[in-house]
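Notes for the one structure printed next.
The values are calculated or read from the model by the stated rules, or taken from the named source; none is laboratory data. Every value quoted in this text rests on a predicted model; they were computed, and no experiment measured them. Quick reminder, even Gly has a Cβ in these numbers, built from the backbone with ideal geometry, and neighbours come from all protein chains shown. The area values use the complete protein model at the heavy-atom level, side chains included, leaving out ligands, DNA and RNA. Shrake-Rupley method; radii C 1.70, N 1.55, O 1.52, S 1.80 Å.
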Amino acid sequence: MKALRIAGLALALAMPAAPSVAAEAVNLVLNWTPTADHSPFYYAKSQGWYEKAGIDLTIEVGKGSGVSSLKVGSGGSPFGIADLATALVAKSKGADVVALMSIYANTGQTFYWLKSYGVNGPKDFPNHKIGNPPGDASRVMWPAFAKAAGIAPDSVNFVNVGPTAKIAALKSHTVDIISDFYNEHDLKVIEFGADLGFINWKDIGLNPYGNSLIVNGAYLQKNPKLVEEFVKISQKAYAACVADVAPCLKALLDQASGLDKENQQRQWERIKFLMTDEFTTTKALGWIDAERMKKDYELVQTYFGMEKPFDVNTAFSVKMLDTSIKMDASKVKK
């Protein structure tokens, strides 16, 4: 009997230990196709950080912030990436979404023009043509920009230009001005050089939060520890990519085809600028400020409308963030 017990013990020790907790299948739906701003998620996954926390992560390609907001808000995906203003609109329509971490602490909305077209700043916009898609946020919120710039909202003409045709439309002088996101800034610099003029909306006092990590509210209530793990791992990944983006872009390029490495590197430099503000550098990387959220809510209510008004404090939480992880502003190129 003693020999049998010893043999049984030896067999038990030889067997691999069963995992203490089964990995939870978790989906993250992006706001669009994967690019440099999503690379931290791919990096953390490649390093096994989510897996170690019991999270079996699937990253789903997105089709816009409106789609990701609705999918997360309906419970179709626990996590997502969405422009925060778009998520607020979705919440007013019944989507159960909560923002947990800002990725773009600064708005990416930017207007671009060519100086040779007689435009040197917003004061010269009147009587010129602006090219962008009909539903573009910069067109919808144009009255806010016009007011901040001190020009009449009806003083410009909008021309329908698809997202991928903006540079060509500006080059051919089909339009005089285009709107685009700042992370694509370098493509315009390369194309137009010293003739390029631009202004980010932040420069005239309009700075709503951009892309952010959102979660389904019911999922958050049911799985607070998992959500906290997910947020802190993602936050840690963004900090790691700010310190050294090379392994992060490798993880992205290994999983997403058709991306140009150099363009993604240039984008990341701009993304670091968008990630940096007084709160992400002092409170925590990804911090969402309550006063700014109130202003964003008012901006959205004015220019997009809220079907069912709600307390903006229910739309975000910073409780899951690790306050020891802060944005390193020294890594941002001026």
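Some points to look at:
- The helices (runs of 4 or more DSSP H) falling completely within region 1-119 that include 2 or more residues that are aliphatic (A, V, I, L, M), buried (at least 23 other Cβ atoms within 10 Å of the Cβ) and modelled with pLDDT of 90 or more map to 84-92.
- Qualifying residue in region 253-275 (condition: part of a loop (DSSP other than H, G, I, E, B), β-branched (Val, Ile, Thr) and either at pLDDT below 95 or at negative phi (or both)): no
- Yes/no for residue 50 being of a type in the set (Phe, Trp, Tyr) and touching a Cys at 6+ places or on another chain (Cβ under 7 Å): no
- Residue check, residue 315 farther than 28 Å from residue 138 by Cα and touching a residue at least 40 places away in the same chain (Cβ under 8 Å): no
- Residue count, region 321-334 (criterion: free of Cβ contacts under 8 Å to residues at least 60 places away in the same chain and either in a helix (DSSP H, G or I) or open to solvent by less than 60 Å² (accessible area, probe 1.4 Å) (or both)): 2
- From 318, 300, residue being within 21 Å of residue 40 (Cα to Cα) and either part of a loop (DSSP other than H, G, I, E, B) or modelled with pLDDT under 95 (or both): 318
- Of residues in region 120-150 being within 22 Å of residue 205 (Cα to Cα), free of Cβ contacts under 8 Å to residues at least 40 places away in the same chain and not small (Gly, Ala, Ser), the one most open to solvent (accessible area, probe 1.4 Å): 147
- Residues that are modelled with pLDDT of 95 or more, part of a helix (DSSP H, G or I) and either under 25 Å from residue 265 (Cβ atoms) or open to solvent by 20 Å² or more (accessible area, probe 1.4 Å) (or both) within region 168-184 comprise 168, 170, 171, listed in sequence order.
- Test result for residue 288, under 19 Å from the mean Cα position of the chain (by Cα) and outside any helix (DSSP H, G or I): yes
- Criterion (within 25 Å of residue 73 (Cα to Cα), open to solvent by 30 Å² or more (accessible area, probe 1.4 Å) and in a helix (DSSP H, G or I)) met by exactly one of 250, 202, 225: 225
- Among the residues of region 151-167, just one is closer than 17 Å to residue 189 by Cα and exposed (fewer than 15 other Cβ atoms within 10 Å of the Cβ), namely 164.
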